[in-house]
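Engineer: Questions regarding the structure given below will be posed in turn.
The values are calculated or read from the model by the stated rules, or taken from the named source; none is laboratory data. Worth saying up front: this structure is predicted, and the values here are computed from it rather than measured. So basically every Cβ, Gly included, is an ideal-geometry build from the backbone, and we count neighbours across all protein chains shown. Note: accessible area is taken over every heavy atom of the protein model, side chains too, but ligands, DNA and RNA are not part of it. Shrake-Rupley method; radii C 1.70, N 1.55, O 1.52, S 1.80 Å.
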Amino acid sequence: MKRPTPLPPPFGFARRCFLPLLTAINFTTSAIALAQPTPAPPPHDVATAAPVRAQQFTLANGLTLIVKPDRRAPTAVHMLWVRVGAMDEVDGTSGVAHVLEHMMFKGTPKVPAGEFSRRVAALGGRDNAFTSRDYTGYYQMVPVQRLEDVMRLESDRFAHSQWADDAFKKELEVVKEERRLRTEDNPQALMYEALNATVFVASPYRRPIVGWMSDLEALTPADARDFYQRWYVPANAAVVVAGDVDVAQVRALADTYYGSLPTRAVPERKPRAEPAQAGIKRLAFKAPAEQAHVVLAYKVPSLQWQEGSPNDTDALALTVLAAVLDGYQGARLERTLTQGPQRVADSAGAYNGLWGRGPQLFMLTGVPTQGKTADQVEQALRAQVQRIGTEGITEAELARVKTQWVASEVYKLDSLFNQARELGTQWAQGLPVDAGEQLLQRLRAVTAPQVQQVARQYFGDDQLTVAHLLPQPLDTSRKPRTPPAGSRH
């Protein structure tokens, strides 16, 4: 069953197949173990539990604390977010943010290498980590009685992470193999990597999160240590706690374990504005593959969170447009491109990058069906947007999209992880703690004429980069790669 287009990305997963290739969020997997027996908590009255708004605080050293009580289960999610990602790297060290994420599991003076995840598992929890363009995050999901234990562990790791040069070299080989598995052996991933490098000129979004292989081969332990010392500072970090917790108690714990960490200034970030595009760009990408693939990437405005801003109105309308095209079972792209005797595609999709620390894209994608060409799919995708620009959308389509968004917000509350994730990603983008509620209201205010207007305005050739994956013969003699022993991913 096709899911509705979710609310704006924070993470980008649960999207169309191409989104993980764009965001390349990398999760570090850990073991899960049963907890030692602990006293049973008081029973929870799930039926009467009501969502409570999150509260945000700033500790004395500049670190942000966000707490979201949810009494429906005796568990807690603890997340540490650092507002640094691949976009903060410099040429020659691409991939260092992600490599550092790996190295953060290599121990501190108090916790030996590999012990962090074992201790979390022994508490009855699980932990993980991720790197994106805009931020890096670490999280633990534990019984609520163990929250203090993971806060002690994570604050120590945040402030005192260390590793030997030999450990760095060994882990770097794991990351390089990860790149081979996820990118170099995946024709679509390779094409999207080349597409980003074609779309963007000045923006650091042009570099892959996992890093160019040549940069990884030249990366040194000092590169990772310098990045760690530069960006892993309290004023550039946030702790998010969601679950069966008391706000005052969590704040007291945060003051104890995080508030005492020494403060340093956050490095200045210089603007790297993307210059205006002056004509269509085209990429013909050859790779061993079974099917062609088509991507149309349009540069569009991102949400700046300024009430009344024309760019914000357009960014929201573009998000609605993507949902009308590809937000539910039988939406326009599926109905017109992949069904019936005139079908041209096996699959088709649309996505709008609503917000991010860098420039955003509106993406249209398609996979030609047998007997159809990439050019035919490209023209069919263009025609659907042009049709909305000419004819508009129906009120029924608009109402259906908005109804599904409201439903997605309700379902989101069923997951503590999703609640914490949303709060953390909003913080990383500089948004207020109630941004999710505000955003839903603003999206519900979008009108059909506004959707028609953006379909007219932002889909010209001067804003467009087109990529075609041109299938080449597969090498049937090549054995598939397997993850290296000890790989965390």
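Engineer: Given the DSSP H assignment, sum -39500 (n - 2.57) over each helix run of at least 4 residues in the chain and divide by its residue total; what's the result at 222 nm in deg cm²/dmol, nearest 500? Can you show the working numbers first?
Structural biologist: On the way: 16 runs with 183 residues, N = 489.
Here the helix-only value at 222 nm equals -11500 deg cm²/dmol.
Engineer: Which of the lysines could a cross-linker bridge to LYS169, judged by Cα under 20 Å and excluding same-chain residues fewer than eight apart?
Structural biologist: Straight-distance partners of LYS169: LYS106.
Engineer: Gap in Å between the Cα centre of the stretch 254-314 and the Cα centre of the stretch 399-425?
Structural biologist: After rounding, the separation between the Cα centres reads 22 Å.
Engineer: Still on this structure, please answer the following. Give the residue list of trypsin sites (Lys or Arg not before Pro) in the stretch 149-181 that are DSSP loop and have at most 15 other beta-carbon atoms within 10 angstrom.
Structural biologist: Loop-located and lightly packed - none at all.
Engineer: Which whole-percent values make up P(r) of the stretch 250-363 when all C-alpha to C-alpha distances are grouped in 5 Å steps starting at zero?
Structural biologist: Values per bin, smallest distances first: 2, 9, 12, 13, 14, 13, 11, 8, 7, 5, 5, 2, 1, 0.
Engineer: With a 1.4 Å probe and every protein chain left in place, work out the accessible area per residue of the chain in Å², rounded to a whole number.
Structural biologist: Computed with neighbouring chains in place, this is 43 Å² per residue.
Engineer: Semi-axes of the stretch 395-477's equivalent ellipsoid from the Cα gyration tensor, sqrt of 5 times each eigenvalue, largest first, rounded to whole Å? The partial results should precede the final answer.
Structural biologist: Working: eigenvalues 205, 118, 50 Å².
With the √(5λ) rule applied to the stretch 395-477, the semi-axes are 32, 24, 16 Å.
Engineer: Angle between the Cα long axis of helix 416-428 and the longest principal axis of the chain, 0 to 90 degrees, nearest 10?
Structural biologist: 80
Engineer: Next up: With each pseudo-label sitting 7 Å past Cα toward Cβ, what's the GLN249-ALA60 distance in nm, one decimal?
Structural biologist: 2.4
Engineer: Right, another one. Taking all pairs of distinct Cα atoms, average 1/r, flip it, and tell me the Kirkwood hydrodynamic radius of the stretch 41-189 in Å to one decimal place. Intermediate values should be presented prior to the final figure.
Structural biologist: Numbers: mean 1/r = 0.0568 Å⁻¹.
The answer is 17.6 Å.
Engineer: Given H placed on each backbone N at 1.01 Å, which residues far from ARG126 in sequence or on other chains put an amide H within less than 5 Å of it?
Structural biologist: MET141
Engineer: Could I ask something else about it? Give, in nm to one decimal, the length gained when the segment between GLU437 and ARG272 is fully stretched (0.36 nm per residue of separation minus the Cα-Cα distance).
Structural biologist: Numbers: separation 165, 0.36 × 165 = 59.40 nm, distance 3.07 nm.
Net length gain for the segment: 56.3 nm.
Engineer: May I pose another question? What is the packing order of peptides 107-116, 320-329, 82-91, taking the mean over residues of other C-beta atoms within 10 Å and listing the highest first? Walk me through the numbers on the way to the answer.
Structural biologist: On the way: 107-116: 15.6, 320-329: 23.6, 82-91: 20.9.
For the peptides 107-116, 320-329, 82-91, the packing ranking is 320-329, 82-91, 107-116.
Engineer: Here is a follow-up. How much length would be gained if the chain were fully extended between LEU474 and ALA164, taking 0.36 nm per residue of separation minus their Cα-Cα distance, in nm to one decimal? Walk me through the intermediate numbers first.
Structural biologist: Details: separation 310, 0.36 × 310 = 111.60 nm, distance 4.10 nm.
Difference between extended and current length: 107.5 nm.
Engineer: Now for a separate question. At 0.36 nm per residue, and after removing the present C-alpha to C-alpha distance, how many nm does the segment from THR263 to SER309 gain when stretched out fully? Before the final figure, lay out the partial values.
Structural biologist: Details: separation 46, 0.36 × 46 = 16.56 nm, distance 3.55 nm.
Difference between extended and current length: 13.0 nm.
Engineer: Taking the Cα-to-Cβ direction at ALA113 and at ALA445 and moving 7 Å from each Cα, how far apart do the two end points lie in nm?
Structural biologist: Going from the ALA113 label point to the ALA445 one covers 5.4 nm.
Engineer: Further, regarding this structure: Quick check: Cα centre of the stretch 190-244 to Cα centre of the stretch 90-147, how many Å?
Structural biologist: With the stretch 190-244 and the stretch 90-147 each reduced to a Cα centre, they are spaced 15 Å.
Engineer: Against the longest principal axis of the chain, how steep is helix 395-412, in degrees 0 to 90 to the nearest 10, with axes from Cα atoms?
Structural biologist: That works out to roughly 20 degrees.
Engineer: Given points 7 Å out from each Cα along the Cα-Cβ axis, report the ARG180 to VAL406 separation in nanometres with one decimal.
Structural biologist: Taking the simple label geometry, ARG180 and VAL406 are separated by 5.3 nm.
Engineer: Okay, moving on. Only bridges with both residues in the chain count here: give the DSSP antiparallel percent, nearest 5. Could the numbers behind the result be given before it?
Structural biologist: Working: 45 of 59 bridges.
Of those bridges, close to 75 percent are antiparallel.
Engineer: Kindly identify the stretch 368-419 as rounded, prolate or oblate by the Cα gyration tensor criterion: order the square roots of the eigenvalues as a ≥ b ≥ c, call it rounded if a/c is under 1.5, otherwise compare a/b with b/c, prolate if a/b is larger, else oblate.
Structural biologist: Values: a/c = 4.24, a/b = 1.75, b/c = 2.42.
It comes out oblate by the Cα gyration axes.
Engineer: Under 28 Å Cα-Cα from LYS68, which lysines qualify once same-chain neighbours fewer than 8 residues away are excluded?
Structural biologist: Within the straight-line limit of under 28 Å, LYS68 reaches these lysines: LYS402, LYS412.
Engineer: Another one. Could you go through the stretch 262-267 in sequence order and give the Karplus-derived ³J(HN,Hα) for each residue, using 6.51 cos²θ - 1.76 cosθ + 1.60 with θ = phi - 60°, rounded to whole Hz, and x for Gly and Pro?
Structural biologist: Along the stretch 262-267, the couplings run x, 9, 9, 6, 6, x Hz.
Engineer: Sorting check: for 67-75, 267-275, which peptide has the highest mean count of neighbouring beta carbons within 10 Å, and how do the rest follow?
Structural biologist: On the way: 67-75: 20.0, 267-275: 9.6.
Ranked from most to least packed, the peptides come out as 67-75, 267-275.
Engineer: Once you compute Rg and the Kirkwood Rh from C-alpha atoms, what is the Rg to Rh ratio for the stretch 329-483?
Structural biologist: Working: Rg = 19.3 Å, Rh = 18.7 Å.
Across the stretch 329-483, the Cα-based Rg/Rh ratio is 1.03.
Engineer: What's the FRET efficiency of GLU173 with LYS286 using the Cβ-Cβ distance as r and R₀ = 30 Å, to the nearest 0.05?
Structural biologist: Numbers: r = 28 Å, r/R0 = 0.95.
For GLU173 and LYS286, the calculated efficiency is 0.60.
Engineer: Let me ask another. Give the cross-link partners of LYS372 among the lysines, using a straight C-alpha distance below 26 Å as the criterion and excluding same-chain residues fewer than 8 apart.
Structural biologist: LYS2, LYS281, LYS286
Engineer: Taking the mean number of other Cβ atoms within 10 Å as a proxy for protection, how do you rank 306-314, 239-247, 380-388 from highest to lowest? Mind showing how you got there, number by number?
Structural biologist: Details: 306-314: 13.0, 239-247: 22.8, 380-388: 18.7.
Sorting 306-314, 239-247, 380-388 by mean packing, highest first, produces 239-247, 380-388, 306-314.
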